Every structure is written in structure tokens, then in C-alpha cells.
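Take a look at the structure set out below.
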Amino acid sequence: TIDEEKDSAPFQFQIVSPSTASLGISADKGINIYFATSQTPSATSVDPAAQVLYAQSDVFDEAPASVDIHFSHVSAYGKLTITGLDANAKISSVSLTAEEDWAGRWYYKVADGSFTANSASKTIDIVTSSAEDIWFACAPVDLGGKSLKLTVVTDKGNYVKTVTIPSG
């Protein structure tokens, strides 16, 4: 972040990727980050637009000519395989609704790595036609011991199942 009205030290650079995940910075609340509530994963990976990365430079006394930046993942990731469906059913989408917020808008405090919900969501919608290896990204929250409702939309009707996420 650079204070445009101030041309003196310190200088520090922060980056959130993808740019659509960055909703601004609040001095007291942290970086406002969006974890996608609608995702289209590939067969082998999470939707690139849902993979939130963060990088922060060192603090400089003078504006540097170049800056080394090292990204780290801010999102958590999951992979789902659905069993018990009609073998002839054609899937058009999958919806995951958690007991707790785990997507949408969150504040991320870099200093301590904490997250605070800010218009967060309990539901992630996944556009897929697969029942296997369905990747998704979410806010890094602990859903251990909590329920997760799975709704699979198919041409044969909806398949709904609620499971409890194991602790740990």
C-alpha cells in the first residue's frame, strides 16, 4: 500500500490474486477478500478465480526500483466425490451449504492471520458435470463436527445429502 498523499517512507506493497478477490483494505479490519461462491473447477484443479493468494513485501525507507514478492495461499481447498447417484443421471451443478460461513466476503488480518466474516456465505455453487474429483476453494474455517448439505442437480431430479464433517 502506498499513501498517495505522502511521498516519504515507509513503503510496503501488498498483492491479492486474482484481482477480483480483492475488495479493498481497511486499516482496522484488514484486507477485504472475496472467496468465490460460484466456481467452475477443471477436472484436476480448483477454479483459478477461486484460488486466493496473498503477498506482502518488506518495508522500505525509500521507494525501491524492484520488489521481491512471495505468494502464499489464503484459501483452503477441498475435493469431493459423490456416491449413491443414479448411474444414468447427468449432473448440471453441485451446491455445498455448510453450517458455518465459509465463502463470500471476509476480512483478513495479515498480522495474525485471522479471518472475520463480512457478508460471508454458507453456500458454494459448483458448475460441474462430474461426480468425481470435484475441487472447490473456501475460506480457511474449521467445519469439524459441523454439517455440510450437498445438493446435486441432475436431469433425474435433485440428490440431497447432509453429512457431518469429522473433527481434525
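The portion of the accessible surface of the chain made up by carbon and sulfur, rounded to a whole percent, is 47 (1.4 Å probe; DNA, RNA and ligands excluded). Each Lys and Arg adds +1 at its Cβ and each Asp and Glu adds -1 at its Cβ; summed about the Cα centre, the chain shows a dipole of about 980 debye. To the nearest 0.05, what FRET efficiency results for Leu53 and Ala27 with a Förster distance of 35 Å applied to their C-beta separation? About 0.95, to the nearest 0.05. The order of Glu100, Glu62, Glu132 by accessible area, most exposed first and with a 1.4 Å probe, is Glu62, Glu132, Glu100.
Here the Karplus curve 6.51 cos²θ - 1.76 cosθ + 1.60, taken at θ = phi - 60°, turns the phi angles of segment 98-108 into couplings of 8, 5, 10, 4, 8, 8, x, 8, 9, 9, 10 Hz, with x standing for Gly and Pro. Evaluated at q = 0.13, 0.21, 0.23 Å⁻¹, a Debye calculation over the C-alpha positions of segment 82-168 (equal weights, vacuum) places log10 I(q)/I(0) at -0.49, -1.03, -1.15. In this structure segment 67-168 gives 56 Å² per residue of accessible area when probed at 1.4 Å with all protein chains present. Each residue of segment 111-128 was assigned a 3J(HN,Hα) from its phi angle through the Karplus curve 6.51 cos²θ - 1.76 cosθ + 1.60 (θ = phi - 60°); the sequence is 4, 10, x, 8, 10, 10, 4, 8, 6, 7, 9, 8, 10, 10, 9, 10, 8, 7 Hz, with glycine and proline shown as x. Would you indicate which of (1) 50, 43, 29; (2) 65, 28, 26; (3) 46, 36, 24 is the value of Cα extents along the principal axes in Å derived from the coordinates of this structure? Calculated Cα extents along the principal axes in Å: the matching label is (2).
The values are calculated or read from the model by the stated rules, or taken from the named source; none is laboratory data. Small disclaimer: the values here were computed from a predicted structure and weren't measured. Here Cβ is always computed from backbone atoms with ideal geometry, including for glycine, and neighbour counts include all displayed protein chains. Surface areas here come from the heavy atoms of the whole protein model, side chains and all, with no ligands, DNA or RNA. Shrake-Rupley method; radii C 1.70, N 1.55, O 1.52, S 1.80 Å.
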